[in-house]
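As structure tokens, the structure follows; a few thoughts come after it.
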Amino acid sequence: MSVAEMEKLEVRVVDAGYTDVGVGHTTEIGGYDTVTVTATDPSATGDGIDIARLVWHTYPEEVDEVVVTLNGTSRFATREEMAQEFGPRGLQPDPDEDTDLGDVLEWLAVVVVILVVLVKVLSFLARLGRR
């Protein structure tokens with residue numbers, strides 16, 4: 001998740017007429033992404049659907065659920081519900097983010113180190129056996 005993208009989303013919500021806006025993005029261990037938006041609607045007539053639509057169509061990170069707290073009342077929508085209500089997303093989140101490329105590379109580096117250590121130990125033991 002990108003702090004810059006959350007800040008851009010916050011600006012878009014403010015530009016849509018909302019005040020006291022806050023945006024958050026959490027990812028659970030299983031990779032479930034929840035975007036939270038808190039805001040105040042000065043007209044007190046909104047239900048948060050416009051904010052959920054903004055998230056769905058303009059926030060380029062992965063979104064599995066949106067939780068909108070508007071004027072103190074929270075509502076949420078899942079990915080499936082938003083796709084049904086707002087249509088398909090025009091944005092495709094970065095696939096490297098979903099696969100945690102950094103974690104894969106870190107795991108690969110650990111495996112390589114273990115293999116090198118194993119080869120060194122076996123080589124040392126083979127030399128000891130020849131004596």
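Structure notes:
- Odd one out for D20 among (1) of a type in the set (D, E, K, R); (2) part of a helix (DSSP H, G or I); (3) open to solvent by 60 Å² or more (accessible area, probe 1.4 Å): (2)
- Test: V66 is at pLDDT 90 or above, open to solvent by less than 70 Å² (accessible area, probe 1.4 Å) and within 15 Å of A16 (Cα to Cα): no
- Identity of the residue in region 23-46, hydrophobic (A, V, I, L, M, F, W, C) and open to solvent by 70 Å² or more (accessible area, probe 1.4 Å), that ends up nearest to K8 (Cα to Cα): A44
- Failed item, numbered, when P93 is tested on (1) outside any helix (DSSP H, G or I); (2) over 23 Å from K8 (Cα atoms); (3) modelled with pLDDT under 85: (2)
- Counted residues, region 47-63 - those being buried (at least 17 other Cβ atoms within 10 Å of the Cβ) and assigned to a loop (DSSP other than H, G, I, E, B): 5
The values are calculated or read from the model by the stated rules, or taken from the named source; none is laboratory data. Source: prediction; values computed, not measured. Quick reminder, even Gly has a Cβ in these numbers, built from the backbone with ideal geometry, and neighbours come from all protein chains shown. These accessible areas exclude ligands, DNA and RNA; they are computed on the full protein's heavy atoms, side chains included. Shrake-Rupley method; radii C 1.70, N 1.55, O 1.52, S 1.80 Å.
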